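The values are calculated or read from the model by the stated rules, or taken from the named source; none is laboratory data. Keep in mind that what you see is a predicted model, and the values were worked out from it rather than measured. With ideal geometry, Cβ positions are generated from the backbone for all residues, glycine too; neighbour counts draw on all protein chains shown. Ligands, DNA and RNA are excluded from the accessible area calculation, which covers all protein heavy atoms including side chains. Shrake-Rupley method; radii C 1.70, N 1.55, O 1.52, S 1.80 Å.
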Amino acid sequence: SIRENLRNIAIIAHVDHGKTTLVDVMLRQSGIFRENEQVQERVMDSNDLERERGITILAKNTAVCYKDTKINIVDTPGHADFGGEVERILKMVDGVLLLVDAFDGPMPQTRFVLRKALQLNLKPIVVINKIDRPEARPMEVIDEVLELFIELGADDEQLEFPVVYASARDGYANLELNDGGTNLEPLFETILKNVPAPKGSSDEPLQLLVSSIDYDEYVGRIAIGRVERGTIKVGQQAVTCRIDGSLFNMRISRLYMFEGLRRAEANEATFGDIVAVSGVGDITIGETICDVDCPEALPFIEIDEPTINMTFSVNNSPFAGREGTFVTSRHLRDRLFKELETNLSLRVEETESADSFKVSGRGELHLSILIETMRRQGYEFQVSKPKVIFKEIDGVEQEPIEHLTIDVPEDFMGVVMEKLGTRRAEMINMHSSNQGYMRLEFKIPARGLIGYRSEFMTDTKGNGIMNHIFHGYEPFKGEIFGRQRGSIIAWEDGEAVTYGLYNAQDRGTLFIEPGLKVYEGMVVGENARAEDIVINVCKKKHVTNMRASGSDEALRLTPPRQMSLEQCLEFIADDELVEITPKNIRIRKRILD
Ligand code: GDP
């Protein structure tokens, strides 16, 4: 049969194109909020970090009602460090809304998710938002969307996408341009008409594919996914088909469906419904919840393997514990293991020391977001330099290689290619895409990407977009010697302060000249040749600039300043640590015990 009164959609949008506003209005107009009730929580992106970095990390569920139809809306992650997640989320839905700013047009950041959606044969509805903007250029934007779809391999049916013109801010949508409007009805109608209703049978044996995991202190692990087949009931005995092929018996203790922003308890759900289930043991993404008598797994969705690891440890500097709320190894341990509940491509391992944990993730961004989140939550700890995870395959040491996709305005192509060259990237594709952007594709050792993101942002003045996905393992080809980098670190009253960064083309000694307040300086480099040149100069004297011998470069030392986390991670040497506190991020020399 067909669930005529149910639709499941995903929204794909670039940050700031109006997704939150649109979902707010959809909720309001569907009677989920009463007239003067405040939308307390900003709908989909409550996470500040996501906004700052221009990406969406967590998929969240919302549901609205239009007439007698329920529309489940899932948010899509915007970044490929979370690539595996995109596919899992899109498998829950039957259609996508591509929301595009009527002035900005489609942005390269949404390509990755869009390509996946098209590959999964989902039919897109294009919503041209902010149509009220005086500088709106909707017709050109539609052409750009069309071009993009062609480039991403859309089929004929997908190219005949319906278009809805909207002003989420003013709460209206229309099928005709320049017709104004009074409400979102035309959008709701378009969804009803173009997104297929789930088909299936409620009598068949249950199958529910777990697409995401949530955690609740009281009920424990919660599996979120779509009921593909049959019916699920509270109290029912069910079985999980595990990834390793084993079966796990369990009893569904609670069942929830989405209602507005909330989860509402339900007794029963059937095929097509997106539900949250508790009582599921240590179930994980990609596993299938089945009927006890008919344990048939749905195709498994792969989770990308971690390629980078770092040590997280208790801060043992002389000034430890002054700035953080959570500082002990117990705090750190509990927090990291709790993260595993929902952060599926993360791994945490104990080490010989009770104070240190090895944390592995999908890339530098994946780990640095965890670090930033913990810092903001009041944690104080220290991390080591990120290391790539090698693998031995047939007796040969192999390293992870990433497929890197870069979209940049033409002007910045040169600098990007030059920098990536020194990082051992191999170009595999290059072509121009819309709005003067060039698309460059590379194969690059995961090692070469460490620290590149912040450099790339600076080099492209924030106009470039980079995404990478795991490509495979290849034999290790030796060290990467890029530019030599170093940081000048000084101790002031026993505390480490970073004074600046230098780039020296040649190996050599650095001279620090009088002027700045540096008691003891140390220069550390990226590789063995420039590493650990200790300069015991100007003790308690003032230093103004430094010079690298063998080159004419004279660099002025900048006053103490804070580096970004990514900069610190790239610039630290093996025997240094980045100290993370709610107030500061600083590099300091490792204290060996
Ligand atoms: P998100 O990042 O996609 O969730 O975007 P938001 O919903 O937070 O919107 C980003 C900004 O665009 C906010 O300042 C909104 O007020 C504004 N905005 C959203 N929709 C519209 C619209 O239809 N017209 C205009 N003029 N501004 C809009």
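Structure summary
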{"read-out": "Contour minus Cα-Cα distance for D132 and R169 (0.36 nm per residue)", "value": "12.5 nm"}
{"read-out": "Charge dipole magnitude, Cβ of K and R +1, D and E -1 - the range 378-484, Cα centre, debye nearest 20", "value": "200 debye"}
{"read-out": "Top positive-direction residue, dipole computed over the range 198-238 with Cβ charges, set V219, A238, S202", "value": "S202"}
{"read-out": "Cα pair distances exceeding 22 angstrom across the range 170-318, given as percent", "value": "52 percent"}
{"read-out": "Given charges at beta-carbon only (K, R positive; D, E negative), |dipole| of the range 334-424 in Debye", "value": "180 debye"}
{"read-out": "Projected label distance in nm at E157 and F390, using a 7 Å step from Cα toward the beta-carbon", "value": "5.0 nm"}
{"read-out": "Computed magnitude of the charge dipole of the range 420-465 (debye, nearest 20; Cβ of K, R +1, Cβ of D, E -1)", "value": "120 debye"}
{"read-out": "Full-extension gain in nm, E268 to S329, via 0.36 nm per residue minus C-alpha separation", "value": "17.7 nm"}
{"read-out": "Ranking by accessible area, most exposed first, for E323, E352, E576, E160 with a 1.4 Å probe", "value": "E352, E160, E323, E576"}
{"read-out": "Within the range 159-240, trypsin sites (Lys or Arg not before Pro) in DSSP loop having at most 16 other beta-carbon neighbours inside 10 Å", "value": "R169"}
{"read-out": "Potential extension, E217-N316 segment - 0.36 nm per residue separation minus Cα distance", "value": "32.6 nm"}
{"read-out": "Calculated FRET value between L120 and S1, using beta carbons and R₀ = 22 Å, to 0.05", "value": "0.40"}
{"read-out": "Pairwise FRET efficiency - E455 versus F300, Cβ, R0 = 41 Å, nearest 0.05", "value": "0.65"}
{"read-out": "Shape call, the range 275-408: gyration tensor on alpha carbons, a/c limit 1.5", "value": "oblate"}
{"read-out": "Protection-proxy order for peptides 129-139, 8-18, each taking the mean of Cβ atoms within 10 Å per residue, highest first", "value": "8-18, 129-139"}
{"read-out": "Two-site label geometry, F337 and L247: point separation in nm, points 7 Å out along Cα→Cβ", "value": "3.1 nm"}
{"read-out": "Given K338/K461; K19/K461; K60/K443, the pairs whose alpha carbons are separated by over 28 Å", "value": "K338/K461; K60/K443"}
{"read-out": "Residues R590 and E87, FRET efficiency given R0 of 30 Å [Cβ-Cβ distance, rounded to 0.05]", "value": "0.15"}
{"read-out": "Distance in nm between pseudo-label sites at E397 and T422 (7 Å out along the Cβ direction from Cα)", "value": "2.4 nm"}
{"read-out": "Coil-residue chymotrypsin sites (Phe, Trp or Tyr not before Pro) of the range 195-251, DSSP, other Cβ within 10 Å capped at 15", "value": "Y218"}
